[in-house]
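Read the structure below first, then the notes.
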Amino acid sequence: RPQSAPHERLISFVTDRPGHDWRYAIDARKMRERLSWGPQETFDTGIVKTVDWYLILR
């Protein structure tokens, strides 16, 4: 394996690009209206189940 440089030398910080999106939000309204679809879990219950699943399988 080739000797690797410390990661600090590999990272270069740049200024944000114009129009950079600060936040992405999911809106399932169209699916709910057009497909009569709705999530089976809330975010809170879903994240708990996801973390539990990960911890069991890792």
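A short reminder: the numbers here are calculations on the coordinates, not readings from a lab. All of these numbers come straight from a predicted model, not from anything done at the bench. Don't worry about glycine lacking a Cβ; one is built from the backbone with ideal geometry, like all the others, and counts go over all protein chains shown.
Go through the residues of region 25-35 one by one and say whether even a single one is in contact with a Phe, Trp or Tyr (Cβ under 6 Å, 6 or more places away or on another chain) and either of a type in the set (Val, Ile, Thr) or assigned to a helix (DSSP H, G or I) (or both).
Step one: filter region 25-35 for residues in contact with a Phe, Trp or Tyr (Cβ under 6 Å, 6 or more places away or on another chain), giving 31.
Imposing the further condition that a residue be either of a type in the set (Val, Ile, Thr) or assigned to a helix (DSSP H, G or I) (or both) reduces the set to 31.
Yes: region 25-35 contains one or more residues that are in contact with a Phe, Trp or Tyr (Cβ under 6 Å, 6 or more places away or on another chain) and either of a type in the set (Val, Ile, Thr) or assigned to a helix (DSSP H, G or I) (or both).
Being surrounded by 10 or more Cβ atoms within 10 Å (Cβ to Cβ) and of a type in the set (D, E, K, R): is that true of Asp44 here? Walk me through it before giving the result.
On the way: surrounded by 10 or more Cβ atoms within 10 Å (Cβ to Cβ): no; of a type in the set (D, E, K, R): yes.
When the stated conditions are applied, Asp44 does not pass them.
Number of residues in region 42-58 that are within 17 Å of the chain's Cα centre (by Cα) and assigned to a loop (DSSP other than H, G, I, E, B) equals 1.
Pairing residues of region 22-49 that are touching a residue at least 40 places away in the same chain (Cβ under 8 Å) with residues that are aliphatic (A, V, I, L, M), at Cβ distances under 9 Å and at least 6 apart in sequence or on separate chains, gives no pairs at all.
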